[in-house]
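K.L.:
Let me give you the structure first, and then I'll get to my questions.
The values are calculated or read from the model by the stated rules, or taken from the named source; none is laboratory data. Just so we're clear, the structure is a prediction, and the values are computed from it rather than from any experiment. We place every Cβ from the backbone using ideal geometry, glycine too, and count neighbours over all the protein chains shown. Note: areas computed on protein heavy atoms with side chains; ligands, DNA, RNA excluded. Shrake-Rupley method; radii C 1.70, N 1.55, O 1.52, S 1.80 Å.
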Amino acid sequence: MGAIRSSVIVESDDFRANRAAHLELIAEFRALEAKVREVSGRADAKFRSRGQLPPRERVNWLLDRDTPFLELSSLCGLCMHEDDGADNVFGGGLIVGVGFISGVRTMVAANDSGIKGGAAHPMGVEKAIRAQEIALENKLPYVQLVESAGANLILQAEMFVRGGATFANMARLSAAGIPVVSIVHGSSTAGGAYQTGLADYVVMVRGRSKVFLAGPPLLKAATGEIAGDEALGGAELHCATTGLGEYLAEDDADALRIGREILARLGWAAPPARSPAPPPLYDPEELLGVVPVDYRKPYDVREVLARIVDGSDFLDFKPAYGADTVCGHATIEGRPVGLIGNNGPIDSAGSSKAGQFIQLCCQAGLPIVFLQNTTGYLVGVAAETAGIVKHGSKMIQAVANADVPKLTLQIGASFGAGHYGMCGRAFKPRFVFSWPNARVAVMGGEQAAKVMAIVAEEAAQARGLPFDAGKAAAQGERIVKRYASESTALFATARLWDDGLIDPRSSRATLAFCLDVCAEGDTRALRPNAFGVARF
Ligand code: COA
């Protein structure tokens, strides 16, 4: 292999301008993440007055000290439903991420009960389902920190039916041989009671866990019966009488200690240590200056690779053929991968090359990393004559059916079928992250506006009516504006089109972490059973 030689001038005005623009975008999403913490933090005093730990502290206590925690979809649901993107930013009301508990890599999902009492938000439901999918696909134990007011009663129509999947998935995880642990810090009521009931292991907190189908007010309303919390579903009742709880903890910290102990005793093999790998020759910090935030400005994706892969070492595959589609082999923190990036629209040769390269990665069992920066497949008479539909389809077919782990980074444009061919969400990458400058849409706003203007003009002609150019221009403006707001990385991450926004500088560490998750999952043998473990 040969090391990529960078031709970027780090002292240039362009470099400085790119960096400043990236820093602004990073600051924007970090501020929103801080807002989620602040909103939840408004309830800290309430938690402490009850002798409880606030939700984020629970997560911190659960995880091994000084180990990485890959938080996912931190801005889920941004500007949707009750989330106003300003004073009330909720992150879906759920804290989700992959981290280590007693040395075991685990999927953690904690109700952010400082927000709406931990009630399930419609996008929070989607976030939980995605966390469960990741746990199932990568064979990660699933640990929930439960304190939830159940369904959001104001938004129930948006989530009730879909919400059932969170329960079905718990049963499927258990049946697949993946342990599910619920640590119940507070309310787990109505439908939410199954968050507890369907877990393989349940830890309850004395005086705080409340698990029942109907709490005191609902019971009184429904049947007239009057009963208190503890008698209906307190921790002592469940640990001594109903048998729903396995372990009775004295407080939150004790419950988390027990949770850690459960994980330690699973016999879940510790991940094999990787041998140290050489860092890239070029500082990942430079990624901010190398990549323009405006996707219309071209650059060589090898400049990105040079700041991500080990030793900047890259074996370019067919560099002169379909040259705008860059494929090649490298290692990321010691893990061999195939990489595919874009230096321009994907043409017929580029499609064929990528399709072939994907098959070669599958033949060798190599994970594939897609660095998406594409305005789509090449259009025009020459491209059509060269068979772009046929060749593009071959690439899309190869991506869809590749049976090796696929990881996608949306680092710029992600438009049209290029989004599909470069392994967008629907093509089931194991993980997909976006840089904050990413743009995802069926096409650019200007192009969409022009297309609609031409369609309107032709439709008027066909009907023999005069074409209203002023009306078409006004519609064009609206389309451009709408696309601008609906194609941002924030818009996409709110809808879980990715697994979260990352700072470009953490790309290497994030990819390495995800490659480890995939490698561990793919080598782990599970002991599945037909129905999941039931409490008899
Ligand atoms: N749906 C929507 N919002 C809810 C909610 C629900 N199910 N339960 C609570 N909230 C909201 C409250 O309106 C309040 O909103 P605010 O911060 O804007 O004022 C916030 O969550 C906190 O509620 P609060 O009751 O003050 O919190 P708490 O920690 O003292 O009590 C519960 C938590 C869960 C015990 C209590 O809120 C409760 O009983 N909720 C209803 C539970 C229920 O019956 N769910 C049925 C679901 S199927």
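K.L.:
Considering Cα pairs under 8 angstrom that are at least six residues apart, work out the relative contact order of the chain and quote it in whole percent.
P.N.:
14 percent.
K.L.:
Express the accessible area of the chain per residue in Å², computed with a 1.4 Å probe while the remaining protein chains stay in the model. Kindly include the intermediate steps, with their values, before the conclusion.
P.N.:
Working: 23260 Å² over 536 residues.
On a per-residue basis, the chain sits at 43 Å².
K.L.:
Evaluated at 25 °C with a viscosity of 0.890 mPa s, what Stokes-Einstein diffusion coefficient in µm²/s does segment 1-143 have when Rh comes from the Kirkwood expression over alpha-carbon pairs?
P.N.:
143
K.L.:
Computed over the Cα atoms, what is the radius of gyration of segment 434-536 divided by 2.2 N^0.38 Å, N being its residue count?
P.N.:
Relative to the 2.2 N^0.38 Å estimate, segment 434-536 comes out at 1.87.
K.L.:
Per the 1.4 Å probe, what fraction of the accessible area of segment 43-200, in percent, lies on carbon and sulfur atoms?
P.N.:
In segment 43-200, the share of accessible area belonging to carbon and sulfur is 55 percent.
K.L.:
Along the Cα→Cβ direction, 7 angstrom out, place labels at Ala459 and Ala168. What is the inter-label distance in nm?
P.N.:
3.8
K.L.:
Shifting gears a bit: Restricting attention to segment 274-343, which trypsin sites (Lys or Arg not before Pro) occupy a DSSP loop and are surrounded by at most 15 other Cβ atoms within 10 Å?
P.N.:
Loop-located and lightly packed - Arg274, Arg296.
K.L.:
Would you calculate the volume per residue, in Å³, of the smallest convex hull containing every Cα atom of segment 195-269?
P.N.:
90
K.L.:
Loop-only GluC sites (Glu not before Pro) in segment 240-269, please: DSSP not H, G, I, E or B, and at most 15 other Cβ atoms within 10 Å. Intermediate values should be presented prior to the final figure.
P.N.:
Working: sites: Glu246, Glu250, Glu261; in loops: Glu246, Glu250.
When the GluC sites (Glu not before Pro) of segment 240-269 are filtered for loop state and at most 15 Cβ neighbours within 10 Å, Glu250 remain.
K.L.:
Find which of Ser12, Ala86, Ser74 sits farthest along the positive direction of the dipole of segment 1-115, computed with +1 on the beta-carbon of Lys and Arg, -1 on that of Asp and Glu, about the Cα centre.
P.N.:
Going by the Cα projections, it comes out as Ser74.
K.L.:
For a quick check of understanding: with a 1.4 angstrom probe and all protein chains in place, what accessible area in square angstrom does Asp66 have, to the nearest ten?
P.N.:
We get 150 Å² for Asp66.
K.L.:
Set the bar at 32 Å for Cα to Cα. Now go through Lys127/Lys210; Lys210/Lys406; Lys210/Lys428; Lys116/Lys406; Lys318/Lys450; Lys46/Lys428 and name every pair that lies beyond it.
P.N.:
Lys210/Lys406; Lys210/Lys428; Lys116/Lys406; Lys318/Lys450; Lys46/Lys428
K.L.:
Wrap a convex hull around the Cα atoms of segment 474-526, take a quarter of its surface area, and give that in square nanometres. Kindly include the intermediate steps, with their values, before the conclusion.
P.N.:
Working: hull surface 22.5 nm².
Over every viewing direction, the Cα hull of segment 474-526 projects on average to 5.6 nm².
K.L.:
Report the one residue of Ser275, Pro179, Pro319 whose Cα lies farthest in the direction of the positive end of the charge dipole of segment 178-332 (charges on C-beta: Lys and Arg +1, Asp and Glu -1; origin at the Cα centre).
P.N.:
Result: Pro179.
K.L.:
With the dipole of segment 114-222 worked out from charges on the C-beta (+1 for Lys and Arg, -1 for Asp and Glu) around the Cα centre, which of Asn138, Phe212, Met170 lies farthest toward the positive end?
P.N.:
Looking along the dipole axis, the top candidate is Phe212.
K.L.:
Based on the Cβ-Cβ distance from Ala17 to Arg274, what FRET efficiency comes out when R0 is 35 Å, to the nearest 0.05? Show your work: numbers first, answer last.
P.N.:
Numbers: r = 37 Å, r/R0 = 1.07.
Once the sixth-power term is evaluated, E becomes 0.40.
K.L.:
Same structure, new question: How high is the FRET efficiency between Glu225 and Leu153 when r is their beta carbon distance and R₀ equals 22 Å, given to the nearest 0.05?
P.N.:
Working: r = 21 Å, r/R0 = 0.97.
Rounded to the nearest 0.05, the efficiency is 0.55.
K.L.:
If the cut-off is 16 Å between C-alpha atoms, which aspartates and glutamates fall inside it for Lys220, apart from same-chain ones fewer than 8 positions away?
P.N.:
Leaving aside aspartates and glutamates fewer than 8 places away in the same chain, those within reach of Lys220 are Asp229, Glu230.
K.L.:
Go through 411-423, 499-511, 342-354 and give me the packing order, highest mean Cβ count within 10 Å leading.
P.N.:
For the peptides 411-423, 499-511, 342-354, the packing ranking is 411-423, 342-354, 499-511.
K.L.:
Would you calculate a helix-derived [θ] at 222 nm for the chain, using -39,500 (n - 2.57) for each DSSP H run of n ≥ 4 and dividing by the full residue count, to the nearest 500?
P.N.:
Values: 19 runs with 218 residues, N = 536.
When only DSSP H runs of four or more count, the value is -12500 deg cm²/dmol.
K.L.:
Could you sort His81, His391 by their accessible area in this structure, using a 1.4 Å probe and putting the largest first?
P.N.:
Numbers: His81 80, His391 30 Å².
The ranking, largest first, comes out as His81, His391.
K.L.:
Using Cα pairs under 8 angstrom and six or more residues apart, how large is the relative contact order of segment 14-125, in percent?
P.N.:
Across segment 14-125, relative contact order equals 27 percent.
K.L.:
Report the extension gain between Asp522 and Ala382 in nm, rounded to one decimal, defined as 0.36 nm multiplied by the number of residues separating them, less their alpha carbon distance.
P.N.:
Additional length available on full extension: 46.1 nm.
K.L.:
Report, largest value first, the span of the C-alpha coordinates of the chain along each principal axis, in whole Å.
P.N.:
Projected onto the principal axes, the Cα atoms of the chain cover 76, 65, 47 Å.
K.L.:
Averaging sequence separations of C-alpha pairs under 8 Å and six or more residues apart, then dividing by the length of segment 173-300, give the relative contact order as a whole percent.
P.N.:
In percent, rounded to a whole number, it is 20.
K.L.:
Note down the nm distance, to one decimal, between modelled labels 7 Å out along Cα→Cβ at Arg535 and at Arg296.
P.N.:
Going by the 7 Å Cα→Cβ label model, 6.1 nm.
K.L.:
Calculate, for Arg50 and Leu266, the FRET efficiency according to 1/(1 + (r/R0)^6) with r their C-beta to C-beta distance and R0 35 Å; round to the nearest 0.05. Before the final figure, lay out the partial values.
P.N.:
Working: r = 31 Å, r/R0 = 0.88.
About 0.70, to the nearest 0.05.
K.L.:
Among 282-290, 26-34, what's the highest-first ranking by average C-beta atoms within 10 angstrom per residue?
P.N.:
282-290, 26-34
K.L.:
Separate question: Counting other Cβ atoms within 10 Å, keep those with at most 16, restrict to DSSP loop, and tell me which chymotrypsin sites (Phe, Trp or Tyr not before Pro) in segment 300-353 are left.
P.N.:
Passing sites in segment 300-353 are Tyr321.
K.L.:
Same structure, new question: Which value, in debye to the nearest 20, describes the size of the charge dipole of the chain about its Cα centre when Lys and Arg Cβ atoms bear +1, Asp and Glu Cβ atoms bear -1, and nothing else is charged? Spell out each step's value before the answer.
P.N.:
On the way: 54 positive and 59 negative charges, 172 e Å.
So the magnitude is around 820 debye.
K.L.:
A further question follows. Which length gain, in nm to one decimal place, applies between Leu213 and Ala469 when the Cα-Cα distance is subtracted from 0.36 nm times their residue separation? Please list the in-between numbers first.
P.N.:
Values: separation 256, 0.36 × 256 = 92.16 nm, distance 6.11 nm.
Gain in length upon complete extension: 86.0 nm.
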